[in-house]
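No lab work stands behind these numbers, since they all come straight from the coordinates. Fair warning: this is a prediction, and the values are worked out from it, not measured in the lab. Every residue, glycine as well, gets a Cβ built from its backbone with ideal geometry; the counts of neighbours run over all protein chains shown.
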Amino acid sequence: MILKETYHGQDGASYDWVDVENGSVEEITRVTREFALHPLIVESILEGGERPRIQDFDEYSFIVGQPTLSTAGEQSFGELYVVLSKKWVLSFHRDHLREIDELKKAMTQGSKAASQGPDFLFYSILSRAIDSYFTVTDNYQAKLDMLEEAISQFSPKPELGQMIALRRDVVSMRRILSYTREVVATMLREDFYDLSDENERYFRDAHFQLSHLLETAETYREFLADLRDSYMSAVSLALNEVMKKLTMVGTVALPLIVVSGVYGMNLQGLPGSNSPEGGIIAIVLMIAFSVALGLYFRIKHWV
């Protein structure tokens, strides 16, 4: 689906925004030919699988972003390809992106993005993507709190698997944030992209927010490593406690096994073997040994 809108900037010059959502090969090829895009850009859009990056061409810049597709539940990121020039903006994406949809509605209602030019239009898309990143990190915080509470209670639930899955999501998010921040930093370079002073303030703010998100993701990654160590320590302590109890049971049972084994050999001459009270005496001695060992463990505070 191809949507094209024309807007007017502050200087009175008009610019176009062409958005291609889930476009076919013919639709993408038609749009890219109309705006004479470089074959490398066309290839990247058609093949997909790009990480966030920016590439400069003579009359325009090619930007790849990865906005969120879901801020709750299973983490997923989409792909957004933007070709930005001073006269038009092209956006290509296979999935329905909330950021694009919200911006279109805002611009029809007289949003500032409609009158600030192509650069600010791209910033508006970027800003909405950053807001969704904040939502994702808030969800990470909630999951971390739940894991920390579960580990402190040491419930039998599989916290280790949850921690590994969450750490994988955090690392993926951190990588995307790092690449996206590099895109914004490149646009802020005077020798790369010509931003007005007003728009530069907005992009610097976006760079600051991305840096903050990146620090947060790194903190979560380190915190997950600490949680994993705490979990493994808790498992080790629980295992040690079980082994201690089993060892004490075996120690208490050892004299009983020795006495019963000796008197079970049916040999003549064993003390009390010919006495009717011999069996009772052996049982009493075994009980006495067990009670003595139990009292010894109690005195040593082992139980």
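Simple rule: put +1 on each Lys or Arg Cβ and -1 on each Asp or Glu Cβ in the chain, find the dipole, and look at GLY78, GLY110, LEU227; the Cα lying farthest toward the positive end is LEU227. Candidate values (i) 211; (ii) 141; (iii) 117 were compared with volume of the Cα convex hull per residue in Å³ computed on the shown model; the agreeing label is (i).
For region 7-136, rounded, prolate or oblate, judged on the Cα gyration tensor with a ≥ b ≥ c (square roots of eigenvalues), a/c < 1.5 rounded, else prolate if a/b > b/c? Oblate is the answer for region 7-136, as a/c is 1.5 or above yet b/c matches or exceeds a/b. Counting DSSP beta bridges in region 4-98, what percent are antiparallel, to the nearest 5? Antiparallel bridges: around 75 percent, rounded to the nearest 5. Please sort through the DSSP H helices of the chain and keep those with an alpha-carbon extent of at least 15 Å along the long axis and a Kyte-Doolittle average not below 0.0. Long hydrophobic helices here: 159-187, 197-263, 278-299. A simple charge model with +1 on the Cβ of Lys and Arg, -1 on the Cβ of Asp and Glu and nothing else charged puts the dipole of region 2-235 at about 360 debye relative to its Cα centre. Think of it as helices only: each DSSP H run of n ≥ 4 in the chain is worth -39500 (n - 2.57), and spread over all residues that comes to -21500 deg cm²/dmol at 222 nm. Summing Lys and Arg as +1 and Asp and Glu as -1 over all other residues whose Cβ lies under 15 Å from the Cβ of VAL252 gives a net charge of +4.
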